[in-house]
Amino acid sequence: MKKIHLLILKSFIRPFIVTFFIVMFVLLMLFLFKYIDDLIGKGFEWYIILELMLYASATNVSMALPLSVLLSSIMTYGNLGENYELVAIKSSGISLTRAMYPMVIVVTLLSISAFIFSDYMLPVVNYKYYSLLYDVRQQKTSFLISEGIFNNSFPEYSIRVKRKDPDGQTLHGLMIYHKNPKNNTNDVIFAQRGVMYRTPNDMYLVIKLQKGVRYEEAPGEPAYNTRQRLTRSRFDSTEQKFDLSGFKMKRTGENEWRSSIQMMNLKLLTYYQDSSIKALNNRVKANYPTLSAQLKYFTLPVKRPKDVKLIAPPKGDIQAGLKPTEKLLAYQNAQHEAENMKGMLRGIAEDYKASSKDIRRFSIEYQKKFTLSAACLALFLIGAPLGAIIRKGGLGLPVVVAVIFFLIYYIIGTIGEKSVKEGGLSPLVGMWISIAVLTPIGLFLSYKAATDSALFDAEPYKRFFQKLAKFRKSGTKQA
């Protein structure tokens with residue numbers, strides 16, 4: 001019995017590791033395709049890119065782990081069925097359910113590990129990932145000068161280059177425009193050729209200009225001439241220095257991201273959710289006193305003074321005794337009060353909607369901590385019996401079947417999460433609806449696999465449709 005368990009475990013661990021890293025690689029490529037424009041040409045060190053890719057890979061575990069469990073379980077039992085090893089196991093008196101015991105234990109341990117990862121490690125990874133990604137996207141490009149356009153990468157400077165040599169350092173036909181904000185003057189430099197390089201500490205970009213003209217404006221002397229002065233000077237060689245301090249990546253402080261929902265564990269999510277609910281309830285309770293002050297025409301004091309007498313309104317039309325000007329004033333006052341009430345109600349409704357949306361977001365993130373573990377179990381419950389039924393291993397049919405079921409899980413989960421965000425479903429129903437749909441399918445497939453049902457055999461279905469066609473023909477003849 002132990003040898004059979006070891007055989008099944010060895011058959012599962014190898015494809016699981018391979019498929020997990022394949023899925024992680026595919027998701028990482030999608031990340032690179034999405035943010036390739038934010039990473040190229042900014043002069044990052046190699047370890048910055050590697051760190052960002054590592055964090056991005058860790059955030060994809062919630063999608064890669066369930067798919068890997070599903071695919072590897074189909075491949076494992078498909079290979080066992082294709083090589084008639086399942087037949088040998090069943091012929092020795094061991095049922096399929098009993099042969100799945102070691103796999104159930106391993107997947108359960110994976111589910112527990114997934115929960116620990118999502119509660120303890122994923123918030124830290126999300127913080128590192130989103131903060132680094134934000135800083136990377138805010139970083140200015142280090143590809144400073146392009147051909148044929150005015151480059152405004154440096155403050156107060158605009159540089160235009162007609163042509164660049166293939167080495168990327170030699171420039172031809174330069175025009176450097178400088179606006180000095182201190183005295184509101186302009187300087188322009190024209191040069192036939194230039195070579196650019198960086199200082200050893202990477203603090204400045206230096207362009208060594210050759211054979212050019214410099215035009216400088218300077219404010220005139222009030223005592224001599226109030227007009228500006230223009231100075232033209234020719235040079236054979238000169239240098240222009242540009243500050244590169246603005247192109248170094250600056251990291252955002254930790255406190256900027258601590259309040260994000262993705263950076264919270266279960267304890268913090270529960271605390272902030274309860275605090276948001278209490279704050280919302282307090283605001284709802286305070287709405288009536290706020291609104292009742294605007295209903296002064298319809299409210300009466302609880303205790304009436306003894307010397308105040310109430311006058312009953314006249315019967316019939318209460319406006320009969322009013323003058324036209326008094327009626328107009330009453331209408332204007334009523335309209336003004338109604339507009340004030342409408343504006344207050346609109347603000348209260350928007351505040352309630354925003355607060356409710358934040359509470360639902362806390363609930364969504366709270367449920368996600370558990371749905372990852374449940375998804376591993378539910379997809380294994382589908383993959384293992386499905387592999388025993390189709391009896392195909394490798395990366396052919398199992399991949400197609402696994403992708404179909406994973407798309408069903410992902411699409412239903414995405415629709416449920418979106419419905420929860422919009423308030424159409426409760427967080428418990430919306431976040432668990434994909435698990436609730438897949439679990440009965442897994443139980444049905446487990447029953448079919450345990451009873452050796454030919455669920456994917458085309459011959460029974462062919463016979464059924466042949467009988468149905470004969471029945472229809474006999475019915476038409478009798479008619």
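Some observations on this one:
- Q210 sits among other residues whose Cβ lies under 10 Å from its own Cβ, and their net charge, with Lys and Arg +1 and Asp and Glu -1, is +2.
- Residue-span extension gain [R346 to T238] - 0.36 nm each, minus C-alpha spacing: 32.3 nm
- Each residue in V136, V107 was given a count of other beta-carbon atoms within 10 angstrom of its own, and listing them fewest first yields V136, V107.
- Sorted by Cβ neighbour density within 10 Å, fewest at the top, the residues Y77, Y120, Y130: Y120, Y130, Y77
- Members of K34/K241; K368/K421; K10/K128; K3/K392; K211/K241; K3/K90 lying beyond 25 Å, as alpha-carbon distances in this model show: K34/K241; K10/K128
- Using the Cβ-Cβ distance between Y204 and L54 with R0 set to 30 Å, the FRET efficiency works out to roughly 0.40.
- Rg over Rh for segment 359-398 works out to 1.27, both radii taken from alpha-carbon positions and Rh defined as the Kirkwood radius.
- Cβ-defined net charge surrounding Y177, 15 Å radius [Lys, Arg +1; Asp, Glu -1]: 0
- Virtual spin-label span in nm between R98 and K182, 7 Å along Cα→Cβ: 9.1 nm
- Remark: spin-label model distance R14-V437 equals 3.6 nm, labels positioned 7 Å along the Cα→Cβ axis.
- Distance-filtered residues of segment 145-186 - backbone nitrogen under 11 Å, label point 7 angstrom along K211 Cα→Cβ: 173
- The length gained on full extension between Q335 and N83, counted as 0.36 nm times the residue separation minus their Cα-Cα distance, comes to 82.4 nm.
- Reported to the nearest whole Å, the Cα centre-to-centre distance from segment 155-189 to segment 265-281 is 55.
- Chain lengthening between S91 and S419 when straightened (0.36 nm per residue, less Cα-Cα): 113.2 nm
- Placing pseudo-labels 7 Å out from each Cα toward the beta carbon at Y410 and K470 gives an inter-label distance of 4.5 nm.
- Ranked by how many other Cβ atoms sit within 10 Å of their own Cβ, fewest first, the residues K368, K162 fall in the order K162, K368.
- Our compactness index for segment 159-208, the C-alpha radius of gyration over the empirical 2.2 N^0.38 Å, is 1.31.
The numbers here are math on the coordinates, done by the rules we state, and not lab data. These numbers come from a predicted model, not from an experiment. All Cβ positions, even for glycine, are placed from backbone atoms using ideal geometry, and neighbour counts span all protein chains on display.
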